[in-house]
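Comments concern the structure below.
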Amino acid sequence: MTEIIRAAWLIAVKDLRVEARSRELIYTTVFFALSCLLVFAFAFVRGGRPIPDTAGGILWVVIVFAGTLALGRTFERERQTDTLRALLLAPVERPAVYLGKLAAVLLLLAAVEALVVPVVGVLFQAPIARAPWLLMGLLAAGTLGFAAVGTLFAAMLVRAQSRDVLLPVLLYPVTVPVIIGGVLGTRAIFAPEPDFDTARLMLTMLVFFDGVFITIALWVFGPVMSE
Amino acid sequence: MRVATRLVPVLLVVAVVMLARAPFLIDAAPYESTMGLVQKIFYFHVPSALVAMTSAIVCGIASTVFLIRRRRLADHVALAAAELVVVFGLIVLVTGPLWARKAWGAWWVWQDARLTITLVMWMLFAGYLLLRRFGGAGSEVLAAAVAIFGTALVPFVYWSVNIWRTQHPTTDVVATLPPEMRWPLRWSMLAIFALSGALLILRTQLERGRAELEDAYAAVEE
Amino acid sequence: MTASRAGFDALHVQDVSRLYGRRRALSHVTLSCRAGEIVGLFGPNGAGKSTLLGVCATMIRATAGRVLYGDREARELGDALRGRIGVLGHDLFLYGDLTARENLEFFGRLYDVPNRRSRIAAALEHARLTDRAGDPVNRFSRGLRQRLALERALLHDPALVLLDEPFTGLDDESAAQLAVRLRALRDAGAIVLMATHDFDTADGLVDRAACLLAGRMRAIPAGSDRLRERYRRALTEASPTAPAASSAFAPGAASARHADD
């Protein structure tokens, strides 16, 4: 068990180091997210005011889109140098590779969200500071659920054809509960009369979802990645 | 597999006979108070939804077996089940709006959890089929992973969509059934399940035949 | 130095086939390699050399047949088996954004290599990259990357060394150095299986030679003339049935199997 954590840590650190050198993913993903927000600002603002109750939905749509992009790029990079194969060749257990990649993707998305949330707050006049811990919890649990399934699917599709299109096609239906939980919870926080109970309920559901899906992913990763 | 093959004509005959009789039974069933004739589409809508869900679970189980044991028959069953999900899911997604439009004036009724769940599952298994078709060599294994997630998803989607729709004002979608309606519903259910069972077996056989043909083709090159 | 190789001293590929859909990449390939020998794998492009190496490396699953490491299959040996295999692939397995040293550090840690510091220093020495250890790999030429990739593959002192076109992009001096390195490995008891097009260098280097043609294995008989000539002859002469040809090449392993057409 500690072996797996050690190996996962190594892989995650390596990924972050690579990213720190090129900074490709963080820049492109952040700017992609901002571009999306720009589009949404025109689509969902009416008469100078944001349409009520849309901020939560917009936030999560942007996370999903940006996340898909980041996942695709992360694995595309590995594919080009075939280093994913090098990782699978190493004498580490397969779940370690999965966890390492997941950790790296999560950190990247956390950085992106750190920027996106304030921008949403500004553009759509959403009260992001109202319940910061609860909001962060929702974001963390939701992003984790999305990334957990996304990392598995993106890794699986590395050697498939039509992989760019297939990733969202396969990923989005699976992450519907995440989106529902995230949006409902966020909306409950942002509402004129905030409903913290619903938000906490959604948080619980998301945590539960994360547990189940990470377990399945850990178990499925090994068999699915051997060619 | 032999046993299953024998079953096919039996199932088909049962299905055809029952489906032929069904319209009479449905006609004889009482009208539902608010919706009138249109509500009778529910005798096809509900069983189809159940078949779709059951097939999703079958696909998930078969995919798990395939992933662990790499038994090809499991893969064939998974593919057949996935296609059933897509076909019967489509029936649900078409009959649903037809019913909803007449009954409540709207084509799509988000409050109907069943409809929404079917949509999500349908998209997922359509994605499964797309992956198998366009993913290139080796995509059966990847698709199996997707199917496993899809099946594990069912309770979550159910729960979350139920929570979600309570946020909206609800209209009572499924009235409690008076006994005169239960009988035709059960009849219809049995007929459609028999049909789907036959289809599952046939499709699995077809897929197995195709795989054997591929093997033969590859062997010829020796 | 050979004590660490405990566990397997031979590689047996038994009747391995690999299909991609309808395409036969490998067809009933049988091959045995022992510790302390260098086996050369030749053949035209697309013949299946990389696929065979991939199967031996446990990266690719055989559609039929099996691979034995010593006397056990990969499944039984588990994850630890991969720690005893070193692979130099077509795509080099290097992270372009990381420096040479960082690449070696990462893989060294991943493989849990003992005496990591000194091994890495030695590896950089072998590759003659000590003064460029701090440069990112994507600034290296192909030849330099090749040298580094080789050292990465050998860092953990593997018992089985699989090389896919190791001489590509190397200048004469580097090629000669690589040959020396491989001989040293062989003398230390490693199993070396190498796919290459470089007949001249391979001539004095390989102990045995085989070729793959459209996924099938043909032996290249020993002889006094040059390897290139023997290879050409092996390609053009009428082939006996594939299993029979490779049985000359796999002592004992394939005798139970018979030609089936």
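So, in Å, what gap is there between the alpha-carbon centers of the stretch A:183-206 and the stretch B:70-85?
Their Cα centres are 40 Å away from one another.
With charges only on Cβ, +1 for K and R and -1 for D and E, what is the dipole size of the stretch A:2-225 about its Cα centre, in debye, rounded to 20?
Values: 18 positive and 15 negative charges, 88 e Å.
It works out to roughly 420 debye.
Report the trypsin sites (Lys or Arg not before Pro) located in the stretch B:36-75 that are in a DSSP loop and have at most 13 other Cβ atoms inside 10 Å of their Cβ, or state none.
Numbers: sites: B:K40, B:R69, B:R70, B:R71, B:R72; in loops: B:R70, B:R71.
Of the trypsin sites (Lys or Arg not before Pro), the ones in loops of the stretch B:36-75 whose Cβ has at most 13 other Cβ atoms within 10 Å are B:R71.
Which of A:V169, A:A66, A:L25 sits closest to the plus end of the dipole of the stretch A:2-225, meaning its Cα is farthest towards the positive end, when Lys and Arg get +1 and Asp and Glu get -1 on the C-beta?
A:L25
Pairs of alpha-carbon atoms within less than 8 angstrom and 6+ residues apart define the contacts here; what relative contact order does the stretch A:2-225 have, in percent? Intermediate values should be presented prior to the final figure.
Numbers: 243 pairs, mean separation 59.6, N = 224.
So the answer I get is 27 percent.
Which loop-located chymotrypsin sites (Phe, Trp or Tyr not before Pro) does the stretch B:40-105 contain, where loop means any DSSP state but H, G, I, E or B and the Cβ has at most 12 other Cβ atoms within 10 Å?
Details: sites: B:F42, B:Y43, B:F44, B:F66, B:F88, B:W99, B:W104; in loops: none.
Taking the stretch B:40-105 and a limit of 12 other Cβ atoms within 10 Å, no loop chymotrypsin sites (Phe, Trp or Tyr not before Pro) are found.
Shape of the protein assembly as shown from its Cα gyration tensor (a ≥ b ≥ c, root eigenvalues): rounded if a/c is under 1.5, otherwise prolate when a/b > b/c, or oblate?
oblate
Given the DSSP H assignment, sum -39500 (n - 2.57) over each helix run of at least 4 residues in chain C and divide by its residue total; what's the result at 222 nm in deg cm²/dmol, nearest 500? Write out the running numbers ahead of the final one.
Values: 9 runs with 84 residues, N = 261.
Value at 222 nm, helices only, nearest 500: -9000 deg cm²/dmol.
Setting aside same-chain residues fewer than 8 positions from B:K102, which lysines have a Cα under 16 Å from its Cα?
Partners found: B:K40.
Looking at A:W9, A:T215, A:L134, which one has the Cα that reaches farthest to the positive end of the dipole of the stretch A:2-225 (charges on Cβ: Lys, Arg +1; Asp, Glu -1)?
In the stretch A:2-225, that residue is A:W9.
Report the label-to-label distance for B:R21 and C:A184 in nanometres (one decimal), using points 7 Å from each Cα along the Cα→Cβ vector.
In this crude label model, B:R21 to C:A184 measures out at 8.6 nm.
Mind running the shape call on chain C? Use the C-alpha gyration tensor, a ≥ b ≥ c as the square roots of the eigenvalues: rounded below 1.5 for a/c, prolate if a/b tops b/c, oblate otherwise. Can you show the working numbers first?
Details: a/c = 1.87, a/b = 1.52, b/c = 1.23.
Prolate, since a/c reaches 1.5 and a/b exceeds b/c.
Counting only DSSP beta bridges with both residues in the protein assembly as shown, what percent are antiparallel, rounded to the nearest 5? Don't jump to the answer; show the numbers that get you there.
Values: 23 of 41 bridges.
Expressed as a percentage, antiparallel bridges in the protein assembly as shown total about 55.
Given the Cα atoms of the stretch A:2-225, and with Rh set as the inverse mean 1/r over their pairs in the Kirkwood sense, what is Rg to Rh to two decimals? Write down the numbers at each step before the final one.
Values: Rg = 17.7 Å, Rh = 18.0 Å.
That ratio is 0.99, to two decimals.
For B:K102, C:K49, which order do you get if you count the other beta carbons within 10 Å of each Cβ and list the fewest first? Walk me through the numbers before you get to the answer.
Values: B:K102 14, C:K49 24.
Neighbour counts put them in this order, fewest first: B:K102, C:K49.
Going by the alpha-carbon gyration tensor, a ≥ b ≥ c the square roots of its eigenvalues, is the stretch A:74-193 rounded (a/c under 1.5) or, if a/c is not under 1.5, prolate (a/b greater than b/c) versus oblate?
On the way: a/c = 2.53, a/b = 2.17, b/c = 1.17.
Prolate.
Under 30 Å Cα to Cα from A:K14, which lysines show up? Leave out anything in the same chain fewer than 8 places away.
Result set, ordered by chain and number: A:K101.
Could you pull out the GluC sites (Glu not before Pro) across the stretch C:85-169 that fall in loop regions by DSSP (anything but H, G, I, E, B) with no more than 11 other Cβ atoms inside 10 Å? Please report the intermediate quantities before stating the final value.
Numbers: sites: C:E102, C:E105, C:E125, C:E151; in loops: none.
Answer in residue order: no site qualifies.
If exposed means no more than 15 neighbouring beta carbons inside 10 Å and the site is in a DSSP loop, what's the longest run of chain A without any exposed trypsin sites (Lys or Arg not before Pro)?
On the way: sites that count: A:R23, A:R130.
In short, A:24-129.
Only the coordinates and a few stated rules stand behind these numbers; no lab work does. As the structure is a prediction and not an experimental result, all values here were calculated from the model. All Cβ positions, glycine included, derive from the backbone under ideal geometry; neighbour counts span all protein chains shown.
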